[in-house]
Ligand SMILES: [Fe+2]
């Protein structure tokens, strides 16, 4: 039973940014949140993978699910993309075991946790990519469709990350889909399904605060400013100028 007034925090997509995570955890603590739900992509990136996972694994208040990049780190190291490879090189067997034990999705009371959608860890829920690489809002029927298998199960909020874009959408049955945005990486480029760029335009770390009210949850999307200079330096050290740019400005495009 969750008491009225109880506050939880939702984080996602830390991507090895230990300084953004530390600032976010401090803010979550300041706001009096008693539990943290973490939607995955914990370590991947040319930043501070081991330090980030150490912070996450030491948090007794945190419940995590696995992201697509967490899954990649558990596969064949020879197939890793450059940023995943930097993270993999830093991780210990303990880190990898912890990642391997994560569930893909989780039900917590009337919340459903997933990295991207209930069925996939690598599909955008609230966004779509056009044939020319524009990232647009996904059509209503498709947004609803991703929750079809779970309608009628009493879920109030579906929590998802993956796109790194904060947002809240209401489904046809009244449940919400909430993406808290990314703690550690406000934008990126990707080749699939066609080359495209995602960028929040805000260099701050993002998370969501949810508070139990009489009639369900209140949801607030929040931002935390932090000093990104150490992470920018690590991105440059690993020859990832796009990461450095987006960490500094929130924009991937120049
Ligand atoms: Fe991610």
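The values are calculated or read from the model by the stated rules, or taken from the named source; none is laboratory data. Because the structure is a prediction, the values reported are computed rather than measured. Counting neighbours? That spans all protein chains shown, and the Cβs are built from the backbone with ideal geometry, glycine included.
Taking the options 195, 203, 166, name whichever one is modelled with pLDDT of 95 or more and within 13 Å of the chain's Cα centre (by Cα). Don't jump to the end; show me each part of the working.
Working: 195 fails: within 13 Å of the chain's Cα centre (by Cα); 203 fails: within 13 Å of the chain's Cα centre (by Cα).
The match here is 166.
Out of contact with any strand residue (DSSP E or B) (no Cβ under 8 Å at 6 or more places or on another chain) and under 23 Å from residue 177 (Cβ atoms): which single residue out of 40, 16, 75, 67 fits that description?
Details: 40 fails: out of contact with any strand residue (DSSP E or B) (no Cβ under 8 Å at 6 or more places or on another chain); 16 fails: under 23 Å from residue 177 (Cβ atoms); 75 fails: under 23 Å from residue 177 (Cβ atoms).
That would be 67, the only listed residue that is out of contact with any strand residue (DSSP E or B) (no Cβ under 8 Å at 6 or more places or on another chain) and under 23 Å from residue 177 (Cβ atoms).
Is there a residue in the stretch 179-188 that is on the phi > 0 side of the Ramachandran plot, at pLDDT 95 or above, buried (at least 17 other Cβ atoms within 10 Å of the Cβ) and in a loop (DSSP other than H, G, I, E, B)?
Looking for residues that are on the phi > 0 side of the Ramachandran plot, at pLDDT 95 or above, buried (at least 17 other Cβ atoms within 10 Å of the Cβ) and in a loop (DSSP other than H, G, I, E, B), one finds at least one in the stretch 179-188, hence yes.
Among the residues of the stretch 12-37, write down those that are in a strand (DSSP E or B) and within 12 Å of the ligand (Cβ to nearest atom). Steps first, please.
Initially, the stretch 12-37 is screened for residues in a strand (DSSP E or B), giving 35-37.
If the condition is that a residue be in a strand (DSSP E or B) and within 12 Å of the ligand (Cβ to nearest atom), then no residue fits.
Of (1) out of contact with any helix residue (DSSP H, G or I) (no Cβ under 8 Å at 6 or more places or on another chain); (2) free of Cβ contacts under 8 Å to residues at least 40 places away in the same chain; (3) in a helix (DSSP H, G or I), residue 71 satisfies all except one. Which?
Against the list (1) out of contact with any helix residue (DSSP H, G or I) (no Cβ under 8 Å at 6 or more places or on another chain); (2) free of Cβ contacts under 8 Å to residues at least 40 places away in the same chain; (3) in a helix (DSSP H, G or I), residue 71 comes up short only on (2).
Check whether at least one residue in the stretch 114-127 is buried (at least 18 other Cβ atoms within 10 Å of the Cβ), over 13 Å from the mean Cα position of the chain (by Cα) and either away from the ligand (no atom under 16 Å from the Cβ) or more than 23 Å from residue 252 (Cα to Cα) (or both), and report yes or no.
Within the stretch 114-127, one or more residues are buried (at least 18 other Cβ atoms within 10 Å of the Cβ), over 13 Å from the mean Cα position of the chain (by Cα) and either away from the ligand (no atom under 16 Å from the Cβ) or more than 23 Å from residue 252 (Cα to Cα) (or both).
Identify all residues within the stretch 49-64 that are touching a helix residue (DSSP H, G or I) at 6+ places or on another chain (Cβ under 6 Å) and surrounded by 23 or more Cβ atoms within 10 Å (Cβ to Cβ); write none if there are none.
Scanning the stretch 49-64 gives 49, 52, 53.
Give the stretch 154-202 a look and list any residue that's in contact with a helix residue (DSSP H, G or I) (Cβ under 6 Å, 6 or more places away or on another chain) and within 12 Å of the ligand (Cβ to nearest atom), or say none.
Result: 183, 184, 186, 187.
Among the numbered conditions (1) closer than 24 Å to residue 128 by Cα; (2) at pLDDT below 95, tell me where residue 222 comes up short.
(2)
Kindly indicate which of 46, 77 is touching a helix residue (DSSP H, G or I) at 6+ places or on another chain (Cβ under 6 Å), without any contact (Cβ under 8 Å) to a residue 12 or more places away in the chain and within 23 Å of residue 121 (Cα to Cα). Working first, answer last.
Working: 46 fails: without any contact (Cβ under 8 Å) to a residue 12 or more places away in the chain.
Answer to the selection: 77.
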